[in-house]
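Here's the structure, in structure tokens; my notes come after.
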Amino acid sequence: MSTLVEENNEKRNQLNKENKKIYEDMMVYIRLSFNKSDQETEEVLMELLDHLLVLQAEGGDSSELFGSDPRQYAEDIVGELPHTVPKEMMALFVMGICYFLGVYMLSTGLIRKILLYGFQQMEPTKLYSLGTTAIIIILGSITISVVGYSVFRYIKWSCFRDISKIKEFLATGFIFGIVPGTVFFAMYFWLPPMGPMLTVPVYWLGITGAVFLLVAEILRRKD
Amino acid sequence: MNERSQLLKGILEGCILAIISRETVYGYELAVKLQQQGIDVKEGSIYPLLLRLQKEKLIHGEMKASGSGPNRKYYTLTPAGEASLKAFRENWKALKQPVDQLLDEEDS
């Protein structure tokens, strides 16, 4: 699988500027149809790339391959790709959650550790109220899912379009940075402590985070 | 040529099966062979069809190293594909003559 992706990355450099732009839009659009089988997706992308390279060598135009409406063509391809098995989807989802929790806990643990030893700022334990933590994790996961889905939709929408980089930067920064950031800040500061309290030593955060990352990594390797 | 038309898609699928039944081909080769037969379709239109034929298990695609060149996906007919081609051939034969006749009558 990954060898196909690598081969694609290498070969793609042989395309000229225009062909590369349209091919990469095609590639991103098709790859982002995320409930599709990876293997089949990469195989058809390789076929299209090989075909486009031959056309380019013969002095042909990419429209001979993708037609006058490349977005419609990408849709046609996606429409015929087989679905992935739900089991793989589930593994991917669990992997995402594990990465998120792993990075979050490991970095929180590390930062607190550094603050503790470097600046004598923090306490060696962190007090969690279980109710509030549960709400933060649930709302946080929902926010991240919504933002993640929006990123997918946005990138797909932006394929085969010319968008000014500045506008794109402002729009994406607002939607994908400020909005979720505000949600997390609001939860962090305004949610009152609820439910039973639990004292966790800081280094446990780090260790748990590392375990989550390890699980995520194993799931990724297995793929 | 209107590529959206279901009728044309069906006929093109039949032609693709016929070519693959004769020899194992990869995508670009197939496009060239269709053109050599005078079947002038957008080259890209074969790829969605190849995907569908694979999904219906009428053809089987396999990535293979091609001698010196790159990995290519070669297509062969499955037994179900053979049967489908046979059915297409019979349907086509049964339709071809009456349709020709009908259209000729209208022309004159």
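GNM remark for chain B: springs join alpha carbons under 10 Å apart, and the peak mean-square fluctuation among B:R89, B:R22, B:R52 falls on B:R22. The phi-based Karplus calculation (6.51 cos²θ - 1.76 cosθ + 1.60; θ = phi - 60°) puts the 3J(HN,Hα) values of region B:91-106 at 4, 5, 4, 5, 8, 3, 5, x, 5, 4, 4, 4, 5, 4, 4, 5 Hz, whole numbers, x for Gly and Pro. Helix A:70-80 and the long axis of chain A differ in direction by around 70°, with both axes built from C-alpha atoms.
Computed from Cα positions, the angle between helix A:130-158 and the longest principal axis of chain A comes to roughly 20 degrees. In the protein assembly as shown, Rg over Rh equals 1.12, where Rg is the alpha-carbon radius of gyration and Rh the Kirkwood radius from pairwise Cα distances. Just checking the listed ones, A:F119, A:F212, A:F93: in the Gaussian network model of chain A with Cα springs under 10 Å, the one fluctuating most is A:F119. Compared with the dominant Cα axis of chain A, that is its longest principal axis, helix A:38-57 is turned about 40°. Have a look at B:S21, B:S84, B:S45 and tell me which one the Gaussian network model of chain B (Cα, springs below 10 Å) gives the largest fluctuation. Comparing B:S21, B:S84, B:S45 in the GNM, the peak value goes to B:S45.
Report, in listed order, any pair from A:K222/B:K73; A:K87/A:K156; A:K36/B:K57; B:K9/B:K55 with a Cα-Cα distance greater than 20 Å. Beyond 20 Å between Cα atoms: A:K222/B:K73; A:K87/A:K156. Per residue, the convex hull spanned by the alpha carbons of region A:2-80 comes to 80 Å³. When the alpha carbon gyration tensor of region A:86-222 is reduced to an equivalent ellipsoid, its three semi-axes come out at 31, 20, 16 angstrom, largest first. Shown here for region A:148-223: trypsin sites (Lys or Arg not before Pro) in loop regions (DSSP other than H, G, I, E, B) with at most 14 other Cβ atoms within 10 Å, namely A:R161. Neighbour counts of C-beta atoms inside 10 Å place B:H60, A:H51, A:H83 in the sequence A:H83, B:H60, A:H51, starting with the fewest.
Any read-out appearing in this document is the output of simple, stated calculations on the displayed coordinates, not a laboratory observation. Please read these numbers as outputs of a predicted model, since none were measured by experiment. Every residue, glycine among them, receives a Cβ derived from its backbone with ideal geometry; neighbour counts consider all protein chains shown.
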